[in-house]
1. If the cut-off is a Cα-Cα distance under 13 Å, which aspartates and glutamates reach B:LYS162, setting aside same-chain residues fewer than 8 apart in sequence?
2. Pop out the ³J(HN,Hα) list for the range B:142-152 in order, Karplus 6.51 cos²θ - 1.76 cosθ + 1.60 with θ = phi - 60°, rounded to Hz; leave Gly and Pro as x.
3. Ignoring any ligand, DNA or RNA, what whole percent of the accessible area of chain A comes from carbon and sulfur when the probe is 1.4 angstrom?
4. Which percent of the accessible heavy-atom area of the range B:59-167 goes to carbon and sulfur, probe 1.4 angstrom?
5. Of A:ALA295, A:ALA54, A:ALA199, which is the most mobile in a GNM of chain A whose springs link Cα atoms less than 10 angstrom apart?
6. Using the Kyte-Doolittle scale, find the helices of chain A whose mean hydropathy is at least 0.0 and whose Cα atoms extend 30 Å or more along the helix's long axis, counting only whole DSSP H runs.
7. Under 5 Å between amide hydrogens, which residues at least 5 positions from B:ASP9 or on another chain qualify, with H placed 1.01 Å from N in the peptide plane?
8. Please give me the summed charge of the neighbours of A:ALA256: other residues whose Cβ is under 11 Å from its Cβ, Lys and Arg +1, Asp and Glu -1.
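The values are calculated or read from the model by the stated rules, or taken from the named source; none is laboratory data. If you're wondering where the values come from, they're calculated on a predicted model, not measured in any experiment. With ideal geometry, Cβ positions are generated from the backbone for all residues, glycine too; neighbour counts draw on all protein chains shown. Remember, those area values only see protein heavy atoms, side chains included, never the ligands or the DNA or RNA. Shrake-Rupley method; radii C 1.70, N 1.55, O 1.52, S 1.80 Å.
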Amino acid sequence: MGLLKFIVRRMFFLVFLIIGVSLIVFIISHTVPSDPVLANLSQRNMDNKEMVEAFRSKWGLDKPLAVQYAIYLGALLKGDLGLSIRTQRPVSMDLAQYFPATMELAVFAMVIAVVFGISFGVIAAIKRNTGVDRLIRGMSVLGASVPSFWLALMVLLLFYVVLGIAPGPGRLGPRFSAPHTVTGLFVLDSLLAGDLATAQDALSHLVLPGLVLAAFTMGLITRTTRSSLLEILSQDYIRTARAKGLAEREVITRHALGNALIPVVTVIGLGFGNLLGGMVLVETIFAWPGIGRYAYQAASNLDFPAIIGVSILIAINYVIINLVVDILYGVLDPRVRYE
Amino acid sequence: MLRKLMKSDATFTMGFVLFIGWIVIAAVANWIAPYDTLAQNLAIRFQPPTGAHWFGTDSIGRDILSRVLVGSRISLFAGLTTIALASTFGLIYGGIAGYVGGIVDDVMMRVSEMVLAFPGIILAMTIAAALGPSLFNSLLAMVVIWWPNYARVMRSMVIANKNEEYVEASRSLGASHLRVFFIEILPHSLGPMLVLATLDFGNAILLFSGLSYLGLGSPPPTPEWGAMVADGALNFNYWWISTFPGLAILTMAVGANFIGDGLRDLLDPKLRKGM
């Protein structure tokens, strides 16, 4: 039962990861000279010795550091992420509120990256060493080299300010109100509510940040598709297919592409991780109320419980996506064994 | 080798020219910059590109061209330092893990995976914010999140090489562990490390400017490209303020990535194009 063992081992790694991520932030939080007592009690209570003692013992601050971490970790493994210092709300509640916005944007960007990335990659491989191929490869390097925060500003400037054909920052225009929450994805929720106008507006707000986020991953997918398809096209069974008189289009769609896309699946998993990292800058610029912007606000306010929470959430997503990718990989390519 | 690459690979040549161009600019920036990078003049703030100020002026009347030119020094320095420190640390770390093996290897690799799985930019932001924004702290933050890739590559190279016959021969002649490692194993492991370093250089510049954009890099008034883009973001109607420093980041990163691609294709013939 290779697959089950494989999944169980990944889940173990996830627990280990949660411990690691929280430990790293815990160490950072205790190397900076900041006093939680000072940050949380009023001046009048600070003068009251009993009050300070009570606060310390309530939050376990009077115990040794290792014990403090053990208490924290115990709560963490039960799913309690603690209170955000900045918002004064449970971190899990904050994350639940902001995560759908990020998810909607990430999925949209990923769809763009996959559809265009594979298409460009196939075109470049078919037209290899022509001007088209060079153009596409140049664009894919450009996509990997462009600073996302700058690209975000440029597209906003061009399409929103100058040309006026794209909506500004945010998830919805001022004339629309958020749909009743079912999934938290605005496009989907407004469609469920039968509100086409809102769905359309939400979709149009996804376009610019989605394109900016997709740029890097799209380049990666383009390049992988191209080189993988070229390798497949040089194989004997493709020559056989050509020899029996199949049109080139048939050769590629029916014989080559399926196999060529197997490595692309791996890259899609990696790209997703990259996308979640890129969220921080893009969400900040597009005033997108997701976990990327939340992470930025948490880091700049040294809101350590929130930093741990958002990091763990992203790490979990990353592990799960890559788990799915690895399983998919085995389904697509039976030669792969889970190790 | 360089000539061969340049001949066969137009993009490599372009990257090479771009990158060398930036190095030259960085070297002579202080002499060719037409204005003082820090000189403020509110009377001429927000000037669009003109004959006197080719790239215009920013929100406090500083010449953007001069700041872009001098800013290349910081970006190059940040990229080189990050990659140099991260790869050196990764080389030692991965070298030890791979050479010693066993439980030491296990523990060391688990630690590196921990850092690797941490969303990099969030860790870097946290470290930079906790220590306070400065060039040194942002570089430190980047090195902390950057070394594991090098450690893993180095480790796999060492494991692949350490049981080769020439290594055993050297060992049976009585060579010390240090000698075996540095004289026999290390030289054979540097190729992939070099490719990774070149491919990473562009990413390091991007992350560094991203941190600066968020206000976590060198504090003002340092002419840093990411921070300059941020100034333009606050003054959105003056397009030139963020356009030019952004183009500078882009061209430097493109140069590094083209060079990295060329090197990788050269060292891994399977990926060579025209196949």
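1. By straight Cα distance, B:LYS162 reaches B:GLU184.
2. Here the 3J(HN,Hα) series is 5, 5, 4, 8, 9, 5, x, 4, 5, 4, 5 Hz.
3. That fraction is 65 percent.
4. In the range B:59-167, the share of accessible area belonging to carbon and sulfur is 70 percent.
5. Most flexible of the set in this elastic network: A:ALA54.
6. Membrane-span-like by this criterion, though nothing is claimed about a membrane: A:2-31, A:91-126, A:196-233, A:262-285, A:304-332.
7. none
8. Computed value for this residue: 0.
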